[in-house]
Amino acid sequence: MFRYKLSVMRPVPISNPPNPWSSTFVEYFEGALETKLDVYEDRTKTILSKNDSPDVGFTYSVNPYRGCFHACAYCYARPGHEYLSFGAGTDFDRKIVVKVNAPALLRQALRKKNWQHEIVVFSGVTDCFQPLEASYRLTRGCLEVCAEEKNPVGIITKAPLVERDIDVLQEIARVASAHVTVSVPLWDPERARAVEPYVATPQRRMRIVRAMADAGISVSVNVAPIIPGLGDEEIPKILTAARDAGATGAGYVLLRLPGPVAQVFEERMRAAMPLRVDRIMHRIRETRGGQVYDSRFGVRGRGEGEYAATIRSLFLATAYRLGLRVGC
């Protein structure tokens, strides 16, 4: 049995930015250190999400969950929770929507006559191996469908739970193709815990890389998001550890703070790193033309200006020196 152990070293602020799409506003009790987990079942009738952004390297994705227990302060997917009349802050972390029919819906989609066996990525706006997956097993069910239908798969995750499904990924790799991308934006475990409070340490995530490589599954590391003034200085350590663990490729994405994510990020960083947050926010603006976010395609994932260019140069020089295939 796979056991998923969670620990937290510091409390996470509990709040939501005001939701412009909701007529009600929930204010959490001041001083609370934790809030309960609420799970909502979604019996949606479709499961494949189609992406047309030129900044994203895939067209189709499956999100068995909406919201994510990992509670990463920087998550760009937070605004999507507002369309459910939830908040983009604590609600995103603790009000999780579960698509209970995901495997059956995916089977229907992959069996359509016009389906071209394009790669399906798990996932675009959630971590498909967050703790609820240990009991719901929706991602595993979907992967089993992909194995049956001989459909190629891509995985993006931070969670060691993916190791549970190595057997299915090996079968997909045998009949089609399978690739796992492990997200590691920071290397120092204290910094990582401050920003990603309910995620395995960066060092533990490198063991995911090793497990996949040893199993013969293609694996890479995504230094994402790079937080200017915090994570950029750790790029060489992350890429070196990734190479040593068996990764063959690497990519990166600069921190994105769309809409309410900027407020969530800054609030949580002020609570976790009060002495460093002003420097971080200054560096973010330095890579965004004086703003905290730039939505333009081609710019939002890379930034612009001298500091952004320095980050990119450091990443590319390190990746090439280590012999890693660059996916950015």
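The set of residues from region 139-184 being under 24 Å from Val100 (Cβ atoms), assigned to a loop (DSSP other than H, G, I, E, B) and out of contact with any Leu (no Cβ under 7 Å at 6 or more places or on another chain) comprises Lys158, Ala159.
Going through (1) farther than 29 Å from Phe297 by Cβ; (2) over 19 Å from the mean Cα position of the chain (by Cα); (3) not β-branched (Val, Ile, Thr) one by one, Pro197 falls short only on (2). Reported count of residues in region 290-311, each being surrounded by 13 or more Cβ atoms within 10 Å (Cβ to Cβ), free of Cβ contacts under 8 Å to residues at least 24 places away in the same chain and not β-branched (Val, Ile, Thr), is 4. For region 112-168, filtered to residues that are among the hydroxyl-bearing types (Ser, Thr, Tyr) and at pLDDT 95 or above, the residue that is farthest from Asp52 (Cα to Cα) is Ser135. Can you find even one residue in region 38-48 that is under 27 Å from Glu163 (Cβ atoms) and among the basic types (Lys, Arg)? The answer is no, given that none of the residues of region 38-48 is under 27 Å from Glu163 (Cβ atoms) and among the basic types (Lys, Arg).
Got at least one residue in region 265-272 being touching a residue at least 40 places away in the same chain (Cβ under 8 Å) and closer than 20 Å to Val180 by Cα? No. Number of residues in region 273-289 that are out of contact with any Leu (no Cβ under 9 Å at 6 or more places or on another chain), outside any helix (DSSP H, G or I) and surrounded by 18 or more Cβ atoms within 10 Å (Cβ to Cβ): the value is 0.
From the list Asp42, Asp38, Asp52, the one residue that fits, being modelled with pLDDT of 75 or more and farther than 30 Å from Arg111 by Cβ, is Asp38. Answer yes or no: is there a residue in region 178-186 that is surrounded by 17 or more Cβ atoms within 10 Å (Cβ to Cβ), touching a residue at least 12 places away in the same chain (Cβ under 8 Å), farther than 27 Å from Arg302 by Cβ and not aliphatic (A, V, I, L, M). No, region 178-186 has no match at all.
If you filter region 256-272 down to residues that are crowded, with 18+ Cβ neighbours inside 10 Å and not in a helix (DSSP H, G or I), you find that the one that is nearest to the chain's Cα centre (by Cα) is Arg256.
When you scan region 100-138, how many residues do you find that are assigned to a helix (DSSP H, G or I) and either touching a strand residue (DSSP E or B) at 6+ places or on another chain (Cβ under 7 Å) or of a type in the set (A, V, I, L, M, F, W, C) (or both)? Before you say what the answer is, go through the steps one by one.
Start the filter on region 100-138 by keeping residues that are assigned to a helix (DSSP H, G or I), which leaves 102-110, 133-136, 138.
Narrowing further to those that are either touching a strand residue (DSSP E or B) at 6+ places or on another chain (Cβ under 7 Å) or of a type in the set (A, V, I, L, M, F, W, C) (or both): 102, 104-106, 109-110, 134, 136, 138.
Counting residues in region 100-138 that are assigned to a helix (DSSP H, G or I) and either touching a strand residue (DSSP E or B) at 6+ places or on another chain (Cβ under 7 Å) or of a type in the set (A, V, I, L, M, F, W, C) (or both) gives 9.
In the set Ala213, Ala194, which member is touching a residue at least 60 places away in the same chain (Cβ under 8 Å) and assigned to a helix (DSSP H, G or I)? Step by step, each of Ala213, Ala194 is checked, and only Ala194 is touching a residue at least 60 places away in the same chain (Cβ under 8 Å) and assigned to a helix (DSSP H, G or I). Answer yes if at least one residue in region 112-120 is in contact (Cβ under 8 Å) with a residue 40 or more places away in the chain, touching a helix residue (DSSP H, G or I) at 6+ places or on another chain (Cβ under 9 Å), crowded, with 23+ Cβ neighbours inside 10 Å and among the β-branched types (Val, Ile, Thr), and no otherwise. For region 112-120, residues in contact (Cβ under 8 Å) with a residue 40 or more places away in the chain, touching a helix residue (DSSP H, G or I) at 6+ places or on another chain (Cβ under 9 Å), crowded, with 23+ Cβ neighbours inside 10 Å and among the β-branched types (Val, Ile, Thr): present.
The values are calculated or read from the model by the stated rules, or taken from the named source; none is laboratory data. Note that the structure is a prediction, hence the values are computed from the model and not measured. A quick note on method: Cβ atoms are made from the backbone with ideal geometry, for glycine too, and the neighbour counts reach across all protein chains shown.
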